[in-house]
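Data first, discussion second: the structure below is written as structure tokens.
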Amino acid sequence: MQLRFAVAASSLALALPLASVSAQSTAPSAQPTPTSAQTIPEPATWSFSLGVDPTNLDLHPPGTGVDARMVANLTRSWQSAHSRWARHISLMVGTDAPRQVQLGFFAPVGSPCDCSIDVMSRYAGLTAGASYDLFRVSRFTPYLTGGTGIYYTTLSRSPADGSMTSSEFALLQQNGGFYQHNFSVGLNAGLGLKVRIGSHELFIEQMFHRFDIGILGVGVAPLNIGIRF
């Protein structure tokens, strides 16, 4: 289980720099001398951010532990000088805080049993899209962003005490089994605010990732705080 997630996340991580190189290689090799009517390209920039999903945060859920969904993002961006538009490629990885719950909590029918299981959810995504600067006020710039991408999600369940009865095993199998994983094509959108401090930019953004276009309610909505350098 751990190995599959590591391989998937590593594959996405390798694809990110390759994609950025590909995007750069499509630029014309011979660039004309800039004029006042032309847009001067800026060098590509990297950004890193961390986020927590405020819609999935509960310090006192059923069972033990907490409900918390956390993400990390690494992004490569390109934006021309004097242009409000930017394009980007981003790698997102995230996890839900591990929890221990009663097995019957997952059962659509029947009464809860006395057994407990550990539940762990993880996800990763490689996305591409664009952002648009709405306006600029001094050093502050609000922006809209959106795109599409490939997402990988996993859900693992295991006995909290390392063992379970045959009836408990059957109940777990009826509700998805020990391990589930899925690749899907999804969408994302968000609203952010960036502020320039020296040669860097700090930003805060509310993102919405929908992991599967065909399934409602499957995704994450992190509030990210990061730096662009």
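For residue 133, what charge total do you get from the other residues with a beta carbon under 10 Å from its beta carbon, if Lys and Arg give +1 and Asp and Glu give -1? After counting each charged neighbour, the total is +3.
Exposure check, 1.4 Å probe, all protein chains in place: residue 211 carries approximately 10 Å² of accessible surface.
Backbone geometry of region 187-198 corresponds, through the Karplus equation with coefficients 6.51, -1.76 and 1.60 at θ = phi - 60°, to 3J(HN,Hα) couplings of 10, 8, 7, x, 10, x, 9, 10, 9, 8, 10, x Hz, x marking Gly and Pro.
Rounded to whole numbers, the Karplus 3J(HN,Hα) couplings from phi for region 79-95 are 8, 6, 4, 6, 10, 7, 8, 9, 10, 8, 10, 9, 10, 10, 10, x, 8 Hz, using 6.51 cos²θ - 1.76 cosθ + 1.60 with θ = phi - 60°, and x at Gly and Pro.
Peptides 196-204, 146-154 ordered by packing proxy, namely the average of other Cβ atoms within 10 Å per residue, highest first: 146-154, 196-204.
The values are calculated or read from the model by the stated rules, or taken from the named source; none is laboratory data. Because the structure is a prediction, the values reported are computed rather than measured. Methodologically, a virtual Cβ is constructed for each residue, glycine included, from the backbone with ideal geometry; neighbour enumeration extends over all protein chains shown. The protein model used for the area step is the full one, side chains on, heavy atoms only, and it has no ligands, DNA or RNA in it. Shrake-Rupley method; radii C 1.70, N 1.55, O 1.52, S 1.80 Å.
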